[in-house]
Every structure is written in structure tokens, then in C-alpha cells.
Amino acid sequence: MSNDRLHTASPEFTAKSRFKPEDYDRLYAASVADPDAFWADIARRLDWMRAPTRIKDTSYALEDFHIRWYADGELNVSVNCLDRHLATRGDKTAVIWEGDNPEVSERLSYRELHARVCRFANALRNLGVGKGDRVTIYLPMIVEAAVAMLACTRIGAVHSVVFGGFSPDSLAGRIADCGSKVVITADEGVRGGKPVALKANVDEALRRDGTSVVETVIVVRHTGGAIQMQAPRDRWYHTLVEGQPDTCDPERMNAEDPLFILYTSGSTGKPKGVLHTTGGYLVYASYTHESVFDLREDDVYWCTADVGWVTGHSYLLYGPLANGATTVMFEGVPNYPDTSRFWQVVDKHKVTLFYTAPTAIRALMREGEAPVKKTSRASLRLLGSVGEPINPEAWEWYWRVVGDERCPIVDTWWQTETGGILITPLAGAIPQKPGSATKPFFGVKPAVVDASGTVLDGAAEGNLVLLDSWPGQMRTLYGDHQRFIDTYFRTYPGTYFTGDGVRRDADGYYWITGRVDDVINVSGHRIGTAEVESALVAHPKVAEAAVVGCAHEIKGQGIYAYVTLNKGETPSEDLRKELVAWVRKEIGPIATPDFLQWAPGLPKTRSGKIMRRILRKIAENAPDQLGDTSTLADPAVVDSLVKERLIR
Ligand code: 6R9
């Protein structure tokens, strides 16, 4: 092993862990040598209405492209997450809900959750929602979000969860793209003591073009805040479920029937509707959840992600519930009422497995050790990280201060597109190096390629591709299969291109270096530079805009915008604030520019292409590394941008 700091799980941990140090190489080799046999065996963990006999049927070759897993199998996701646990785990807690207000929490047993899901599924069916219909869910982190998602799966409807922080415009685009008949929302959300006007945002969204497909808006009464109900479109959730039977016939779904759509940012303007299907997704989410988190029957598992992101789908809801685990759902934020909140919740519910994002760790790290150390955290036994590269300092702090040097850390690399974790330590079996996601999960074949697509061996740095399919892989972009193939399978033919850069060290450990496309990773959330640019140029005073990522101490990456105003407009502090607020309103608070520099002109090639490489270097405060500027149409533009740069 190289001399990076190695963390090996303690003998106490390894004594009980699912995987031992000697297991990984052998199991991994078997999984890639005979994927059919391996994944046939793993699929037995689910309850199938018809067991699959066809296992892996995939080809990345452009002339014969297809991805099918378990194609003749039939199952229902809600049955796997609920019904099958009733006999043995009916009274076990399925969901612990912890409110934004620390005084409010709720525990739901598998039996109660099953009944609530069935009642709502019946209500949806009564509204005419059935197999294949799309349903948009725009809810805060409340139990009804889990109920709504599972109810959709019960009746074969395809959910599209939209994060509650997205603006009416972003919501409208997502509703229109998939043509949802029904939108499920709440009067208001509440985060850090402040209300979020969800229903008002839906009202606003439904005034936009393309949203007239929506027939019904179902509204959960959560805060009791004042809202407008518009008859006959708007219906209260509580009146719809009243009197509904607490059983509901589950729809028989083919393994390849769509399960959900989740929109994510790409390198071009329009968000992409990533589509996952039923069988392969659930096999993969449940198996990785059990393996990576070393799940045991008595664990209390807490993933802090919102259900609006893929992590909230696979590792807050579907993975844990398919495994019969107890999952914590937290409505609030890490710093409310104070910065001890995460650890107070850990102590309150005796959380054993904790999964969060580096941005949260860095933000809490800044507050010092005291808010952590005044809590016990003795229940914790494993920690996880996801969403962006974790810097070694944050890793060591997480290990030392949060985990008291007792809990292994799993740094899990994956994407909305991958459905589940692809590169990760298995805590008992793979020693961890701070900052490295370590090794591929079973069945996963990563490779490092150079710019021309040549696969590099041994220690190497380049772009990360996957050479073969795994069951949790996305199947298409909703309504645009060609874009799916063009985006992921054409750059390096025969492989799936992740959009990430990577280094593999001499020990075969993978170190993700970040996005190599025009996607910025802000606090673990993907923002396309093109999305922010089109929001900026939509402002009447803006002529042109270019957006790049910049280093940000807490968020990992920040948003740095260069803006050229229309002739006759003058830059001012007020206008700067106005533009920043404009982007927040157009896309949502997560897309708020951190820096906005006035640009008299943008550096362009003679053919008119903006040279983002140069803008990135200026935002990195590296004006001496601009590289070749000989193709610039007007080099003077760069000098003035360098002089006026906002980060020094
Ligand atoms: C699950 C999720 C995916 C992008 C991905 C990469 C970054 C996620 C990471 C990581 C380094 C990790 N990313 N986990 N980078 N180490 N452990 O985050 O999905 O929102 O689609 O983002 O996030 O750049 O390509 P998604």
C-alpha cells in the first residue's frame, strides 16, 4: 500500500461486519466473471410475482444499444418495501420522522406505513391515476412524501419528485416535460423555522405554458398556513384518504416498467429526466444499501438527503424499506435551532448509521468541536459521505470528531443516472484512504480513459467511464432516448461516460476529481452552467452571461457569473443584487450566484465560442495559467477581466 493514511476498521467492527478483509477480491472477481450468475443470485433478495429467468441483457454498442435486466420478471416495489415485512416486522418502526421543530417527531411501524400507503394509493386510483401515468411530487420532508412515492409504485404510476427548493419556473418545466396529470404538494414546508410557500409555487407554476395537463393538485395540510384552494382542481389530501380501505391490490409490474423520473442538470440548458425502471433498480438499491452500510436488523439508519434528490430515493426510502430497516426522515437543517442538531437527533433516536454530504460536514467543522462534543453519539457505528469529493481534512474531522475514531467512513461515489452506489469502501473489507471512494462495488467495471478514449492501465489519471452495465443503471431520458445515447454513450463508444474526472493510484484506489463537463457541483447539488446563463440572459438588462465554477470553502464549488449588460445599462451594486435575486427566483436558491463580475466583453474565439477555460482560470485566481490565448478574437477583454476579478 502507498503511504496515504490508511484507516482499517477496528477488530470489533470487522468481527461482526458482513464483509471481511479476505472477501472483497474474491467476491468482486466472481461478480464480474459471471454477471448472470451473480445478479440472478442477488435478485432472490426480492419478492417477485414472477421470478426472472432472463438476467442481464445489455449492450453499449451503438448499433445494438439496449439495457435490460430481469426482463421477464414481475414485481411491485411497494409490496417489497411493505407487505413482505408485515409478518415478521409489522410492529418494527419503518420511518422515524423528525420535524424541523425539535419538539416534534413521529414513529411509523411497517403496518401503519402500509395502511397509509394503501389508503392513498386507493385515493389516487379513484382519481383515475393508473399504470404509466406521471405524478409530480413537490413536498417537504414529511411522511406524506414517502407515502406518496410508495403509493405511486403500488398502482404503477411513475413519480417525478421535484425538490421543494425549486422555483415555480423550474417546477413548471418538469411538470410539462413529463406531462403529469397530478401534482402532490403541501400548504407550506418549513426549514430552520421559516415557511416555504409550496402551494403558492404550484399555483404559479400551473400558470406557465405546458402545464395544462395537470388535472388535480393534492394538498397536504402541514403548517396550516393560508393558501388559495381552487375548485375543482385542488383537493385536500386528508379528505381524499378519509374512509379509504387500508388494503390495496398492488399492480403487477414488469421489471423494465418505469418506476420514476428524476430531473437532473446536464451540460446543456434543459434538465434531463433520468428514468429508472422497477426490477433492476430495486435489486441494486437494496443490495448496495445492505452491503455498503453493513446493515443489521437493529440498526437505526439516517440519510440526511432530501427526497428531491436521488440519494433520498435510493438510500432514504427504497433501499432501506426494501431491507426492512428503520429509516430516519429529517425535515430540518443542520444549524437549527443550533449547530448541534444533527448530533442531538442521533442521540434522540439512537442512530447507528449516518449518511450525509461533505458540504454539511465542512459547514459544521467551521463551528468547531464543541457543538459535536457536547453530545454522546455513542450509538453511531458507521458514517457515510456522498454528493461530491470529500477533502481529506473534512474526512479526518468526520472520523475524529463525529465518529470518535471508532466509526469507519464510506465515501460513496455514484450519480442520479447510476441509481445506486458504484464506487465505495465496504467498511469491514476495504481499508479507507481519506478522500478516496476506494474500490468498485460488486459487478461494477470502472475504467480510466484518456481524452482519445484509450483505456489506461495501472496508476493513471483521466476520465471515468464504466465498461459494462449494472442493474441500477438508468434506462433512458424521458421522452428523449437519442439524447440519452448521445450524452452518455457517444463520447467514448462502447462505454458509459460519467462526466467525472478520476485518478487511480498504485493500489487500485479511485479518487474522483470532479466534473469535467459544464456541470457545477454546489453543496453536492448539480447545477448546469447553461441553466444559470439562460436565467441571467432572460433578464431584460443582460446582454450576455457566462458561468463557471469556483472554489468555495463550504459548498465545494460556488457559482461565478460574468455578465455583460445591454448598451446603455450601467453596472451598480443594486443591479448586481437584483440579478442575483433574479437567478434565485428563476431557478431556486441553490443556484444563487456567489460571485457576479461585470464583463465589458467575454473572451471568445474568432468563431464566437466563449472560452470558458479562461474564465475558469480567472475565477480560480490563476491569471498566470490562462494557457493559449492565441485564438482569442480580442485579447484585451481578458486583461480587463483579470484586473477586475473578484477572488484574489
Ligand atoms: C449521488 C449523487 C453526481 C455527481 C457525480 C460526482 C459527484 C457524488 C461523490 C461525488 C466524489 C463522491 N459525486 N458522489 N464525487 N466523491 N463520493 O450525488 O448524484 O446529484 O447526480 O451527482 O456528484 O461529480 O458525477 P448526483
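The values are calculated or read from the model by the stated rules, or taken from the named source; none is laboratory data. Since the model is a prediction, treat every value here as computed from it, not as a measurement. Glycine also receives a Cβ, built like all others from the backbone with ideal geometry; neighbour counts cover every protein chain displayed. Only protein heavy atoms, including side chains, enter the accessible area calculation; ligands, DNA and RNA are left aside. Shrake-Rupley method; radii C 1.70, N 1.55, O 1.52, S 1.80 Å.
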Exercise for the section: Could you do me a favour and compute the accessible area per residue for the range 284-420, 1.4 Å probe, result in Å²? Expected result: 25 Å²
Handout entry: Exceeding the 24 Å Cα-Cα cut-off - candidates Lys20/Lys445; Lys374/Lys433; Lys56/Lys445; Lys20/Lys555; Lys541/Lys617
Key = Lys374/Lys433; Lys20/Lys555; Lys541/Lys617
Practice task
Give, in nm to one decimal, the length gained when the segment between Gln482 and Asn335 is fully stretched (0.36 nm per residue of separation minus the Cα-Cα distance).
Solution key: 48.6 nm
Practice task
Express the Stokes-Einstein translational diffusion coefficient of the range 190-235 in µm² s⁻¹, to the nearest whole number, given a Kirkwood radius over alpha-carbon pairs, 4 °C and a viscosity of 1.567 mPa s.
Solution key: 110 µm²/s
Exercise for the section: May I have the extent of the alpha carbons of the range 264-312 along their three principal axes, as whole Å values ordered from largest to smallest? Expected result: 45, 25, 14
Fill in the blank from the handout: A 1.4 Å probe over the protein heavy atoms gives the chain a carbon and sulfur accessible-area percentage of 49 percent
Practice task
Provide the descending list of Cα extents for the range 472-523 along its principal axes, expressed in whole angstroms.
Solution key: 41, 29, 21
Exercise for the section: Give a residue-ordered list of calculated ³J(HN,Hα) values for the range 193-204 (Karplus: 6.51 cos²θ - 1.76 cosθ + 1.60, θ = phi - 60°; whole Hz; x for Gly, Pro). Expected result: x, 9, x, 10, 7, 5, 4, 4, 5, 5, 3, 5
Handout entry: Alpha carbon Rg of the chain, scaled by the compact-globule rule 2.2 N^0.38 Å
Key = 0.94
Problem - Separation of the Arg233 and Ala506 label points, Cα + 7 Å toward Cβ, nm - result: 6.5 nm
Practice task
Report P(r) for the range 572-628: all Cα-Cα distances, bin width 5 Å, range 0 to the bin holding the largest distance, values in whole percent.
Solution key: 4, 16, 19, 18, 20, 15, 7, 1
Completion exercise
For the chain, the charge dipole (Cβ of Lys, Arg +1; Cβ of Asp, Glu -1; about the Cα centre) points to a positive end, and the Cα of Ile155, Ala322, Val274 closest to that extreme belongs to Ile155
Exercise for the section: Translational diffusion coefficient, Stokes-Einstein: compute it for the range 523-644 using the Kirkwood radius over C-alpha pairs as Rh, at 37 °C and 0.692 mPa s, and state it as an integer in µm² s⁻¹. Expected result: 223 µm²/s
Exercise for the section: Using only alpha carbon pairs under 8 Å that are at least six residues apart, calculate the relative contact order of the range 436-534 and give it in whole percent. Expected result: 27 percent
Fill in the blank from the handout: The cysteines in the chain that find no other cysteine Cβ closer than 4.7 Å to their own Cβ are Cys81, Cys152, Cys178, Cys303, Cys407, Cys550
Fill in the blank from the handout: Note, the range 474-486: 3J(HN,Hα) by Karplus (6.51, -1.76, 1.60, θ = phi - 60°), whole Hz, Gly/Pro = x, goes 4, 9, 6, 9, 3, x, 8, 5, 4, 5, 4, 5, 5
Exercise for the section: Averaging sequence separations of C-alpha pairs under 8 Å and six or more residues apart, then dividing by the length of the range 78-185, give the relative contact order as a whole percent. Expected result: 26 percent
Fill in the blank from the handout: At the level of C-alpha centres, the distance separating the range 225-273 and the range 116-171, in angstrom, is 2 Å
Practice task
Subtract the Cα-Cα distance of Arg44 and Ser10 from 0.36 nm times their separation in residues, and report this length gain in nm to one decimal.
Solution key: 9.1 nm
Fill in the blank from the handout: Reduced to Cα centres, the span from the range 36-112 to the range 191-211 in Å works out to 31 Å
Handout entry: Relative contact order for the chain, counting Cα pairs under 8 Å that sit 6 or more residues apart, in percent
Key = 13 percent
Handout entry: Amide hydrogen neighbours beyond the local backbone of Lys56, cut-off 5 Å, H modeled
Key = Tyr70
Completion exercise
Note on the range 109-254: the mean projected area of its alpha-carbon convex hull, in nm², is 8.8 nm²
